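> Please find one structure pasted underneath; my questions will follow.
The values are calculated or read from the model by the stated rules, or taken from the named source; none is laboratory data. Quick caveat, the model's predicted, so the values are computed rather than measured. Using ideal geometry, Cβ is built from the backbone for each residue, glycine included, and neighbour counts are taken over all protein chains shown. These accessible areas exclude ligands, DNA and RNA; they are computed on the full protein's heavy atoms, side chains included. Shrake-Rupley method; radii C 1.70, N 1.55, O 1.52, S 1.80 Å.
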Amino acid sequence: MKETDEKRGLSRRSFLRTTAGTLAVTGFTGIGTLRAAEAGKLATLIDLSLCDGCPTMTVPACVSACRDLNRDTIPAIADPIPVPWPRKTVEDWSDRREISDRLTPYNYLYVHRVEIDQGGRQRTLFVPRRCMHCDNPACATICPFSANHKFENGAVVINQNRCFGGAKCKAVCPWKIPQRQSGVGIYLHILPDYMGNGVMYKCDLCHDRLTRGEQPACIEACPRQAMLIGPREEILAEAEGRARNMRGYLYGKDENGGTSTIYVSPVSFDLINASMAREPGRPGMKPGVKREMAESDGLGKAVLAAPALGAVVGAAGAFRWLAGRKTRLVKEGKNNG
Amino acid sequence: MADRIIREKNRAVRHGFVELTEHWVIALSGLALVLSGLFQRPVANRYYISSVPGLGWAGDYFVSLKVHYAASLLFIAAALFHVLYHGLRGDLGMIPRRGDIRASMEVMKSFFGKGEEPPFHKYLPEQRLAYAGMAAIIAVLIVSGLVKVYKNIYAPDMSYTVLLWATWAHNIALILFVLAFIAHVGAVLLKPNRPLFRGILTGAVRLDYAERRHPLWIAEIAGEVPPKKETSEPRQRETTPADP
């Protein structure tokens, strides 16, 4: 009871910071009622000690809610789908829309059932998987058309009207989350045989719902309140508190340079990752995944300094030349006079 | 000024070490930027470019990003050096002048056998116009590129409006840069311009060529006429030493 009151206090403080038009996400989970009460950075918490994979349902509630919400996201597919040249890769999921146990363009969230041998003790965990909404996501920052963007609230959103489906975002994602549907998107109107190949789809953290002050559909639907969303710092503190209490582990806090999705688990992610059956569309959970783009940050900082470097050297060279010319003119004047 | 006449070698020196270095750093880093920029699009794997021996890196976006950064470091530093160095020295020979557009059209016509070329200063009028155009394109590439680099490192959640402007300015300027690059190289292939190629390789052109085609410049560096307030008009044929 005391803990609940404390959480309510946390919730109240957040709520007081709410202003008209900002988020007021209510009905929070598990521990009480955290609120995503401001338009600042948000984060989500997924508590694997609470998720049971919805055993009485054919499809877990969170997955169903996500699928229902995004049922009509993908428009009609071109018939026939243009075959790209020269690499003839066509990815068409339109006849497999019912698949819900992996990531597809029609399924942005699935629950990965993991059978774990924990020192001889068998244990089953259910791990909801979707985009991690990384803090500095390469999928968004190096999208050549800026079709993928990280918003201030933390959501990483692909604009399907700008995406050419080149799958660069998938190639640079450590978990290969975005999935392509060929035969849709802007590329059809430009050079469909030679440029682009569809649109990439993934979880957008229900960005539209967040801007309307609503929770993501998956979080709202979870019957076990295994997922939370709230102000980033509060979610981080909550996750760390829960991990301490269960002597558990965190995932997503530091992976890929930090993400907006924090998993809390009573089982180590090394063990979870080792026990996961990894197939296309069913990513692993290797702890400590590095942000590969960090390797180029030093060079990038040098690029930002390049204008000053060039200007200083140029100015120094010019002044040296001007000084030399002045000396020459003085000498010539003396010689002539 | 590097400009001077070396009669015993039949040479007129157009560019010094600094100018040649600037030109080639910008040209080669620009070429590397175009290629690595293209490889930032999903083309290398699709078009089997990454299967070509030695180009395996082209299909790795993180590697081509490093190449793009390294080339842009040189490109931007050289561009800013150029502006400050020549701006402070007062080197204005490549700045477009009044009448350059009309003069350029006349020169173009002369390439196709219609009329005669007017006598030139050091640079052709269309070279000055091309310089201004290329400078504008490069300025857009640099500013938009810096916004994108800043976003990559410090502000992935920067204003989407600003980012879209920067992205599309960068993409459109890339296309213009490639076209300008092709036009620039193509211009050297035109027969009357071919002797200038030696100039950008060694710094000097043949003196007899310069006296015939750039008499205003030769007269200037020979001290035969005082430097004029330079415009492309009126024509100065009557003061041209090389004229019959």
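> Name the residue farthest towards the positive end of the dipole of the protein assembly as shown from the options B:F81, B:L207, B:A222, assuming +1 on Cβ of Lys and Arg, -1 on Cβ of Asp and Glu, about the Cα centre.
Comparing the listed Cα positions along the dipole, B:A222 ranks first.
> State, as an integer percentage, the relative contact order of region A:155-251 based on alpha-carbon contacts under 8 Å between residues 6 or more apart. Provide the component values of the computation, followed by the final result.
Numbers: 109 pairs, mean separation 22.4, N = 97.
That works out to 23 percent.
> What does the charge count around A:I74 come to, taking other residues whose C-beta lies under 13 Å from its C-beta (Lys +1, Arg +1, Asp -1, Glu -1)?
Values: positive: A:R67, A:R71, A:R96, A:R97, A:R180, A:K202; negative: A:D72, A:E91, A:D92, A:D95.
That works out to +2.
> What is the packing order of peptides A:215-221, A:292-298, B:139-145, taking the mean over residues of other C-beta atoms within 10 Å and listing the highest first? Working shown, then result.
Working: A:215-221: 23.4, A:292-298: 17.1, B:139-145: 19.0.
Ranking the peptides A:215-221, A:292-298, B:139-145 by packing returns A:215-221, B:139-145, A:292-298.
> Quantify how strongly other chains surround peptide B:37-43 by giving the mean number of their Cβ atoms within 10 Å of each of its Cβ atoms.
Numbers: counts 1, 1, 0, 4, 7, 12, 4.
The shielding value for this peptide is 4.
> Let me ask you something else. Compute the Rg to Rh ratio over region A:73-201 from the alpha carbon atoms, using the Kirkwood formula for Rh, and round to two decimal places.
Values: Rg = 16.7 Å, Rh = 15.9 Å.
Here the Rg-to-Rh quotient is 1.05.
> Using the alpha carbon gyration tensor of region A:189-242, what are the three equivalent-ellipsoid semi-axes (square root of 5 times each eigenvalue), largest first, in whole Å?
Working: eigenvalues 247, 37, 27 Å².
Equivalent ellipsoid semi-axes, largest first: 35, 14, 12 Å.
> Then there is this: Using only atoms on other chains, find how many Cβ atoms lie within 10 Å of each Cβ of peptide B:56-63 and report the average. Mind showing how you got there, number by number?
Numbers: counts 0, 0, 0, 1, 3, 9, 9, 3.
Per residue, the number of nearby Cβ atoms from other chains is 3 on average.
> Provide the FRET efficiency to the nearest 0.05 for the B:I6-B:I182 pair, computing r from the beta carbons and using R0 = 41 Å. Mind dumping the intermediate values first?
Details: r = 33 Å, r/R0 = 0.81.
Once rounded, the FRET efficiency stands at 0.80.
> To continue, here is another question. Run the lone-cysteine check on chain A: no other Cys C-beta under 4.7 Å from the residue's C-beta.
So far as the 4.7 Å Cβ criterion goes, A:C51, A:C54, A:C66, A:C134, A:C143, A:C163, A:C173, A:C206, A:C222 stand without a partner in chain A.
> Mean Kyte-Doolittle of at least -0.5 plus a Cα span of 15 Å or more along the axis: flag which DSSP H helices in chain A meet both, please. Please list the in-between numbers first.
Numbers: long enough: A:2-16 (21 Å, -1.61); A:232-245 (20 Å, -1.26); A:297-336 (58 Å, 0.14).
Result, helices passing both filters: A:297-336.
> While we're on this one: Enumerate the helices in chain B for which the Kyte-Doolittle hydropathy averages 1.6 or more and the C-alpha atoms extend at least 20 Å along the helix's axis, using complete DSSP H runs. Mind showing how you got there, number by number?
On the way: long enough: B:17-38 (31 Å, 1.46); B:61-89 (41 Å, 1.15); B:125-153 (42 Å, 0.98); B:160-189 (43 Å, 1.82).
Helices meeting the criterion: B:160-189.
> Please compute the modelled spin-label separation between B:A135 and B:F111, points set 7 Å along Cα→Cβ, answer in nm with one decimal.
With each label placed 7 Å out from Cα toward Cβ, I get 2.2 nm.
> Next question. Evaluate the charge dipole of region B:73-149 about its Cα centre and quote only its size in Debye, nearest 20, assuming +1 on the Cβ of each Lys and Arg and -1 on the Cβ of each Asp and Glu. All intermediate terms of the calculation are to be shown ahead of the outcome.
On the way: 9 positive and 6 negative charges, 30 e Å.
In total the dipole reaches around 140 debye.
> Follow-up. To the nearest 0.05, what FRET efficiency results for A:A316 and A:R87 with a Förster distance of 56 Å applied to their C-beta separation?
Details: r = 50 Å, r/R0 = 0.90.
Computed FRET efficiency for A:A316 and A:R87: 0.65.
> Next question. Quote the FRET efficiency, to the nearest 0.05, computed for B:L190 versus A:D79 with a Förster distance R0 of 60 Å and r equal to the Cβ-Cβ distance. Write down the numbers at each step before the final one.
On the way: r = 50 Å, r/R0 = 0.84.
The formula returns an efficiency of 0.75 here.
> Find the all-direction average of the projected area of the Cα convex hull for chain A, expressing the result in square nanometres with one decimal place. Intermediate results must be reported in sequence, preceding the final value.
On the way: hull surface 110.1 nm².
The Cα convex hull of chain A, projected and averaged over all directions, gives 27.5 nm².
> Tell me, what is a quarter of the convex hull surface for the C-alpha atoms of region A:257-337, in nm² with one decimal? Walk me through the numbers before you get to the answer.
Numbers: hull surface 38.9 nm².
With the hull built on Cα positions only, its mean projection is 9.7 nm².
> Over the whole of B:82-88, what's the average partner chain Cβ count within 10 Å per residue? Rounded to a whole number, please.
Numbers: counts 2, 5, 10, 11, 3, 3, 8.
For this peptide, the per-residue mean of nearby foreign Cβ atoms is 6.
> What order, most packed first, do the peptides A:64-72, A:173-181 have when packing is the mean number of other Cβ atoms within 10 Å of each residue?
On the way: A:64-72: 16.1, A:173-181: 22.7.
Packing order, densest peptide first, comes out as A:173-181, A:64-72.
> Label points 7 Å out from Cα along the Cβ direction at B:T161 and A:K326: separation in nm?
Reported label-point gap for B:T161 and A:K326 is 4.8 nm.
> Still on this structure, please answer the following. Which one of A:R320, A:R212, A:R247 has the biggest mean-square fluctuation once chain A is modelled by GNM with Cα springs under 10 Å?
The residue that fluctuates most here is A:R320.
> Net charge near B:Y47: determine it from the other residues with C-beta under 11 Å of the C-beta of B:Y47, scoring Lys and Arg +1 and Asp and Glu -1. The partial results should precede the final answer.
Details: positive: A:R87, B:R41, B:R46; negative: none.
Summing Lys/Arg as +1 and Asp/Glu as -1 gives +3.
> When the helices in chain A are scored as -39500 (n - 2.57) per DSSP H run of 4 or longer and the sum is shared across all residues, what 222 nm value do you end up with, to the nearest 500 deg cm²/dmol? The partial results should precede the final answer.
Details: 9 runs with 104 residues, N = 337.
Computed mean residue ellipticity for chain A: -9500 deg cm²/dmol.
> At a 10 angstrom cut-off on C-beta neighbours, averaged per residue, how do the peptides A:261-274, B:190-203, B:75-88 rank from highest to lowest? Please list the in-between numbers first.
Values: A:261-274: 20.5, B:190-203: 14.4, B:75-88: 22.2.
The most tightly packed comes first, giving B:75-88, A:261-274, B:190-203.
> Let me ask another. Go through region A:50-60 residue by residue and turn each phi into a ³J(HN,Hα) via Karplus (6.51, -1.76, 1.60, θ = phi - 60°); whole Hz please, and just put x for glycine and proline.
9, 6, 10, x, 6, x, 8, 10, 5, 10, x
> Tell me, which residues of region A:130-174 get at least 30 Å² less accessible area when the other protein chains come in, versus the chain alone (1.4 Å probe)?
Listed in order, they are A:N136, A:T141, A:I142, A:P144, A:F145, A:S146, A:H149, A:K150, A:R162, A:G166, A:K168, A:V172.
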